[in-house]
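The values are calculated or read from the model by the stated rules, or taken from the named source; none is laboratory data. In this text, all values refer to a predicted model and were calculated from it rather than measured experimentally. As a convention, Cβ positions derive from the backbone with ideal geometry for all residues, glycine included, and neighbour counts pool all protein chains shown.
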Amino acid sequence: MVQRTRNAVLDRLPTEHEEQREFVSWFRKTHQGTRIFAIPNGGARNIATASRLKVEGVSRGVPDLYIPAWNVWVEMKRQKGGRVDDAQLDWHCYLTEVGHSVLVCQGFEDAKEQITAWVRKQGESDGTA
Ligand SMILES: [Mg+2]
């Protein structure tokens, strides 16, 4: 019963794909000239494709999106139910250690708020805000 209620709530929420699509669309309109791209390291694929991508360097746990000009990575999750797994956490620790920022965002609205806060914080620290 509890499981069914939980699934019914999740079923009404946008998928991670939908959240990420909204976020990328918003980002490209709002921050024109600042590039963002997706790292396609998730999703269903057959074993042959998975093996081929792995030897080419695709790594499980790398965040979903990267903004190179800012050294910001975005790990997108659904509004509810998404969790950071061990492989993701390992990458987040590494990226933070080498001086990048990693934002774990629970949906489009959260991502928008976190990016906006990140930009504001940068402006404050470099005196442009
Ligand atoms: Mg994700």
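Numbers for the structure displayed
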item: Within the range 15-68, considering residues that are more than 15 Å from the chain's Cα centre (by Cα) and among the β-branched types (Val, Ile, Thr), the one farthest from residue 89 (Cα to Cα); result: 30
item: Qualifying residue in the range 92-103 (condition: of a type outside the set (A, V, I, L, M), under 13 Å from the mean Cα position of the chain (by Cα) and assigned to a helix (DSSP H, G or I)); result: yes
item: Pair list, Cβ under 8 Å, 6 or more apart: the range 21-48 residue touching a residue at least 40 places away in the same chain (Cβ under 8 Å), other residue outside any helix (DSSP H, G or I) and within 14 Å of the ligand (Cβ to nearest atom); result: 22/14; 23/65; 23/74; 23/76; 23/105; 24/38; 24/65
item: Residue count for the range 77-91, restricted to those that are among the aliphatic types (A, V, I, L, M) and under 11 Å from the mean Cα position of the chain (by Cα); result: 1
item: Residues of the range 61-113 satisfying the condition of being free of Cβ contacts under 8 Å to residues at least 24 places away in the same chain, more than 11 Å from the ligand (Cβ to nearest atom) and either aliphatic (A, V, I, L, M) or buried (at least 17 other Cβ atoms within 10 Å of the Cβ) (or both); result: 98
item: Qualifying position, being at pLDDT below 95 and part of a loop (DSSP other than H, G, I, E, B), among 80, 54; result: 80
item: Evaluation of residue 87 against (1) outside any helix (DSSP H, G or I); (2) more than 26 Å from residue 122 (Cβ to Cβ) (one fails), failing number; result: (1)
item: Meets criteria (within 16 Å of the ligand (Cβ to nearest atom), surrounded by 14 or more Cβ atoms within 10 Å (Cβ to Cβ) and among the basic types (Lys, Arg)) for residue 21; result: yes
item: Test: residue in the range 28-51 that is surrounded by 14 or more Cβ atoms within 10 Å (Cβ to Cβ), more than 28 Å from residue 10 (Cβ to Cβ) and more than 12 Å from the ligand (Cβ to nearest atom); result: yes
